[in-house]
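First comes the structure, then the notes that go with it.
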2 protein chains.
Amino acid sequence: MYNFNMKFSQSFIPTLREVPADAVIASHRLMFRAGMIRKLSNGLFAWLPLGYRSFRKLEQIVREEMDAIGSLEIRPPVIVPGELWKESGRWDAYGDALMRLKNRTGADFVVSPTAEEAFTALVRDELSSYRQLPISLYQINTKYRDEVRPRYGVMRGREFVMKDAYTFHADEACLDEAYQKMGRAYRRIFKRCALTVIPVQADSGAMGGSGSEEIMVESEIGDNTLLLCKSCTYAANVEKASCKLDYAPRFSMEIAKSAAASVPPLEKIDTPNVKTIEEICAFFKTDAKSFIKTLIYKAKNVELDLGNIPGIAKKGSQAYPEVFIAAAIRGDLDINETKLTALLKAAEVELANEEDILRITKAPVGFTGPVGLEGIPLIVDPSVTSINDGICGGLAKDLHFKHAAWGRDFEAWKIADIRTVKAGDACPLCGGELYEKKGNELGHIFKLGNKYTVSMNVSYLDENGKTCVPIMGCYGLGLDRTIASIIEEHHDDDGIIWPMSMAPYHVTIIPIKYEGAVRETGDALAAELEKAGVEFLLDDRDERPGVKFKDADLIGIPLRVVIGDKNLAGDAPKIELKHRKEKESRLVSVSKAAEEIISVIKSELDNLSGE
Amino acid sequence: MYNFNMKFSQSFIPTLREVPADAVIASHRLMFRAGMIRKLSNGLFAWLPLGYRSFRKLEQIVREEMDAIGSLEIRPPVIVPGELWKESGRWDAYGDALMRLKNRTGADFVVSPTAEEAFTALVRDELSSYRQLPISLYQINTKYRDEVRPRYGVMRGREFVMKDAYTFHADEACLDEAYQKMGRAYRRIFKRCALTVIPVQADSGAMGGSGSEEIMVESEIGDNTLLLCKSCTYAANVEKASCKLDYAPRFSMEIAKSAAASVPPLEKIDTPNVKTIEEICAFFKTDAKSFIKTLIYKAKNVELDLGNIPGIAKKGSQAYPEVFIAAAIRGDLDINETKLTALLKAAEVELANEEDILRITKAPVGFTGPVGLEGIPLIVDPSVTSINDGICGGLAKDLHFKHAAWGRDFEAWKIADIRTVKAGDACPLCGGELYEKKGNELGHIFKLGNKYTVSMNVSYLDENGKTCVPIMGCYGLGLDRTIASIIEEHHDDDGIIWPMSMAPYHVTIIPIKYEGAVRETGDALAAELEKAGVEFLLDDRDERPGVKFKDADLIGIPLRVVIGDKNLAGDAPKIELKHRKEKESRLVSVSKAAEEIISVIKSELDNLSGE
């Protein structure tokens, strides 16, 4: 049925010897050179015939695995009413990456960057009874994100294709089941693509717990930092990573106060020109672990209840549009803004500017400290609670405090883990040493909870006729960057080395010169392979063998058959068979060639599919 | 491989008894009621699981037929740089249906309504030698047109999926070959969908000849008028239709002048309050065939060389941005603006307003005539040349001319067919009677010529090293409206009647009650069918049989198996098998059921594919 076989001369595979100037990673270079993609504009790519064959193979693998877990494929529009995004609150919250547009009547629309709103709206209109739950829907569709700086080819483009699934459930147990199933489907998908992935715990915002997993691939240009354990399977995004503590926290104020009794009284120290932690350590002749580092942050759309802190206004009963927060941590550690954002249930946090710091702390930048700090909620990392006799900013120019004692000289509004874990820290599971990798996110499975079902008013009647709000999970997978990542993992200096499952063709047949007995043998082999459903590219071009070999290596087709007069001569005519990933070729009798090729293909495909 | 089998309870098929208020055509009503689609906004629809299964079947049929003629699938982005549309000139020319947008850097983009620009740009960058030609590329991708008035469900939506192919050639013969192949592929596609289509000659703009064919389906709400011959196969869009003339035209001015010698001299007649053709006929006691109807048009972006007509300025050497044209035709006939537009190679023509008419003719509306009309090019339909002794407007209020003679009293700048052909006119091929139908366009194959390759500077070197510009063909096919059209043709009062090739499932298995022996028999049959690759929907819901039957009829699955205790009882247990398109069911022995079902499916699929 599918006309998968092709002569090179009739295809459109514009291979290149030179490397585009902006292609700094292997996949970008090779996808261009192999004629898989071309750039139409920054971050906008066209998949050419060769690339699109691999693309469609991935699409099919993803579709099969989604179907296998009972998720149902739908196709919502790419252009979605802005109204739905206003309902969910993301019209304002999403930022500049959301491509907003107006149609001829002046109505607002978005080019979907993700589809929580569309799926939620569709389910909202059909859902009435608990009997309809769970519902699991997915699409494989075009997405657009107006990235500030698209780069690395399709690894970070503006338009891309994503598989995104959304599930709806009556209870947490049911959501968890779907979440686990989805995780297993993702592992099968990546296995079938021969891609080594690292599933990591990720920031899960309001849901907490094990509700968010990112599927990463290691990448020198990855925009995620991953913490992995040398001794066990622990893996987490730095945004979420925790560690075993190298100190004893004192959460109890009673214990803190009694320990503080032995600390000398708080002392003001003039510290002209002492600002950085290094300068402070030198001045006080101590190390950074004695210093209480305190920073002022501006947080937007905070949903956490801050209580009755004066001067902080709530926007209706919803959220605080803009709030200042102080955060303190031990001097040798760094604050993790993602953890802080999640803790506050905020849209984002950023460091306060000089003016705001002066207004809040009455001191210039560099002299903020927890002692005497008023009118602002103070969050301290547990590391601060272990400092018995500390040094901190004195809330005035050129002033520091010495002998600052937790529980005696200051308390916190909240104690929470806001620490950035680093290589060398101890694994929270086994205490082993953590190390860092850079990673790119290929997929994300996420327990959304009721964020969208509440804001968009989705409900159903339970068995007792009571109105309930369903909870949701969402599950994304980027197709374009998955393909780029496969190439990152499977290539050498000469080109791509496709895993059999993702190869645009299983085999390339190269006649040294496409004429006479060589041509006849090539055509006969092609016909035999076609009958068996093998996808081949027959290089019928009038080019030198060296050019054909170079292109074959670049394009990365797993099996290469070379047919030449020399090997055909004699009683036992032979062809040369070589696997792209191997150095050596071997001679196979013409009469056995098809059988041998079919057997290699089948065994590799079976191997990848785990069958 | 594909997990095509499904229990109804685990699917998401929200069938409805009521009809949406805005659904005025059968396909729109049934697609909603069968849970195939839902509306997100005016002209924006989501395909739900059931609908998307049929959608994907069509996609696959289209893909197979495109691949079979050697067209290569690619995937350009949906969002395309506005720059390319400015190069082609369509950024300005396309009108408000083009969704233009700006990204965060202020750069212009369009949401592709069609992809001549993107494909031309891709080929431009790769094409260097005649050896690479011909090139045939296609995509199946999302399109957006900001329709003024989207309606009839997916028949006229704003976002839709289109297969669009573009071919590039060195010469006309090669283009013609691709054009013919594409036409045959379209006929196979529609045959496989069991869709009755009418291929009609269409307006082909600058290319002329047989360079444009639209594939239509008859439709009461069609926005095209088709002229068909009762006696032969002639079929044309009214925009293009011609007819056998019922008069003898006099193209030769010599003949015209000599004939005019016997006509009485031109005479001015006062005609107060005589304006309409009926009033003129009554006043002059003659019929409309003696009247020379003359209209003034405003034409935009005229590319036809108008010569040295005073007062008409060219925009560079390119086109006349705005030109007034007079057009005359026999009083009983109407002018066809599409033909006029094509003749002028204009972007559009519209009737001039009162003010312009007054300025140009020195008379109010209703008194325009060809005699003495100056400073404006006059185009006459051949019908005018047959009027020996005519009546026409006198270029002054309440004035007409009598005895106006072609060749003596006026001449034309151009004689050309600008007549609107109507039902009752004679077929241009066989003279048979033409009749009218309303039609919707599903596909269009079109010889574009060098419109885009010239404006976008595409070139290659021919065998002699000479720089040449390739010519193009373009070939569109709307998937959404094709599906709607299949339903328009295949339904009854109870619901859809899917052709086997397009059915979301081949067979629905309905256990009267899904328990005991009935359930066992249903499950066993399902398992047997699954092994054979048959797609089935097992209605395992705890609903009354009537509800299940009604849903089955609505959804339109071709084969229905009913399993009940009564027919299972006894020595020869049976199931009931019914074809959706037939009234009667028949009993089939349980042991033969799968075999029988598989055989019906195979025979219907073979029949549609013509094998």
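The values are calculated or read from the model by the stated rules, or taken from the named source; none is laboratory data. From a predicted model like this one, the values you see are computed outputs, not experimental measurements. Cβ coordinates were reconstructed from backbone atoms using ideal geometry, including for glycine residues, and neighbour counts include every protein chain displayed. Note: accessible area is taken over every heavy atom of the protein model, side chains too, but ligands, DNA and RNA are not part of it. Shrake-Rupley method; radii C 1.70, N 1.55, O 1.52, S 1.80 Å.
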For region A:107-122, enumerate the residues that are more than 10 Å from chain B (Cβ to nearest Cβ) and farther than 30 Å from A:Ile69 by Cα.
A:Asp108, A:Val110
Only one of B:Ser71, B:Ser54, B:Ser9 is among the hydroxyl-bearing types (Ser, Thr, Tyr) and either more than 10 Å from chain A (Cβ to nearest Cβ) or free of Cβ contacts under 8 Å to residues at least 12 places away in the same chain (or both). Can you tell me which?
B:Ser54
Does region A:70-84 hold any residues that are open to solvent by less than 30 Å² (accessible area, probe 1.4 Å) and either in a loop (DSSP other than H, G, I, E, B) or modelled with pLDDT under 95 (or both), and which are they?
A:Ser71, A:Ile74, A:Pro76, A:Pro77, A:Val78
Could you tell me whether region A:147-162 includes any residue that is farther than 30 Å from A:Ala21 by Cα, of a type in the set (D, E, K, R), surrounded by fewer than 18 Cβ atoms within 10 Å (Cβ to Cβ) and in contact (Cβ under 8 Å) with a residue 60 or more places away in the chain?
no
Tell me which residues, restricted to region B:33-44, are facing chain A (nearest Cβ under 9 Å) and closer than 18 Å to B:Pro504 by Cα.
B:Gly35, B:Arg38
Within 14 Å of another protein chain (Cβ to nearest Cβ), part of a loop (DSSP other than H, G, I, E, B) and of a type outside the set (Gly, Ala, Ser): is that true of B:Asp164 in this structure?
no
Any chance you could count how many residues in region B:10-69 are touching a Gly at 6+ places or on another chain (Cβ under 8 Å), open to solvent by 10 Å² or more (accessible area, probe 1.4 Å) and of a type in the set (Ser, Thr, Tyr)?
1
Can you pull out the residues in region B:262-279 that are of a type outside the set (D, E, K, R) and open to solvent by 50 Å² or more (accessible area, probe 1.4 Å)?
B:Ser262, B:Pro264, B:Pro265, B:Leu266, B:Pro272, B:Asn273, B:Thr276
Selection within region A:15-32 - touching a residue at least 60 places away in the same chain (Cβ under 8 Å) and closer than 19 Å to B:Val123 by Cβ:
A:Thr15, A:Met31, A:Phe32
When region A:87-101 is examined, which residues are found to be more than 21 Å from B:Tyr144 (Cβ to Cβ) and either within 10 Å of chain B (Cβ to nearest Cβ) or not hydroxyl-bearing (Ser, Thr, Tyr) (or both)?
A:Glu87, A:Gly89, A:Arg90, A:Asp92, A:Ala93, A:Gly95, A:Asp96
Could you tell me whether region A:410-429 includes any residue that is open to solvent by less than 50 Å² (accessible area, probe 1.4 Å) and among the hydroxyl-bearing types (Ser, Thr, Tyr)?
yes
Answer yes or no as to whether B:Lys143 is part of a strand (DSSP E or B) and at negative phi.
yes
Enumeration of residues in region A:88-118 that are open to solvent by 10 Å² or more (accessible area, probe 1.4 Å), of a type in the set (Asp, Glu) and either farther than 17 Å from B:Arg100 by Cα or in a loop (DSSP other than H, G, I, E, B) (or both):
A:Asp92, A:Asp96, A:Glu116
Could you tell me whether B:Ser231 is of a type in the set (Gly, Ala, Ser) and modelled with pLDDT under 90?
no
Single match in B:Ala282, B:Ala342, B:Ala259, B:Ala327 (criterion: open to solvent by less than 20 Å² (accessible area, probe 1.4 Å) and either in a loop (DSSP other than H, G, I, E, B) or aliphatic (A, V, I, L, M) (or both)):
B:Ala327
Only one residue in B:Tyr152, B:Tyr144 is under 24 Å from the mean Cα position of the chain (by Cα), under 29 Å from B:Val24 (Cα atoms), facing another protein chain (nearest Cβ under 10 Å) and hydroxyl-bearing (Ser, Thr, Tyr). Which one?
B:Tyr144
Where in region A:353-449 are the strands (runs of 3 or more DSSP E), entirely inside, with at least 3 residues that are under 23 Å from A:Glu279 (Cα atoms) and of a type outside the set (A, V, I, L, M, F, W, C)?
A:399-404
Which residues, counting only those in region B:361-383, are crowded, with 21+ Cβ neighbours inside 10 Å and touching a Gly at 6+ places or on another chain (Cβ under 7 Å)?
B:Phe367, B:Thr368, B:Gly369
Which members of region B:418-428 meet the condition of being of a type outside the set (A, V, I, L, M, F, W, C) and modelled with pLDDT of 95 or more?
B:Arg419, B:Thr420, B:Lys422, B:Gly424, B:Asp425
Applying the selection to region A:17-54, what residues are part of a helix (DSSP H, G or I) and touching a Lys or Arg at 6+ places or on another chain (Cβ under 7 Å)?
A:Tyr52
Within region A:207-228, the residues that are closer than 28 Å to A:Glu172 by Cβ and not in a loop (DSSP other than H, G, I, E, B) are A:Ser212, A:Glu213, A:Glu214, A:Ile215, A:Met216, A:Asn224, A:Leu226, A:Leu227
A:Arg104 is checked against (1) facing chain B (nearest Cβ under 8 Å); (2) modelled with pLDDT of 95 or more and fails just one. What number does that condition carry?
(2)
Among the listed residues B:Ala170, B:Ala165, B:Ala194, which satisfies the condition of being open to solvent by less than 40 Å² (accessible area, probe 1.4 Å), small (Gly, Ala, Ser) and over 16 Å from the mean Cα position of the chain (by Cα)?
B:Ala194
How about region B:123-134: which of its residues are of a type outside the set (S, T, N, Q), open to solvent by 10 Å² or more (accessible area, probe 1.4 Å) and facing another protein chain (nearest Cβ under 10 Å)?
B:Asp125, B:Glu126, B:Leu127, B:Arg131, B:Pro134
For the structure I just gave you, tell me whether B:Pro14 is part of a loop (DSSP other than H, G, I, E, B) and under 20 Å from B:Gly478 (Cα atoms).
no
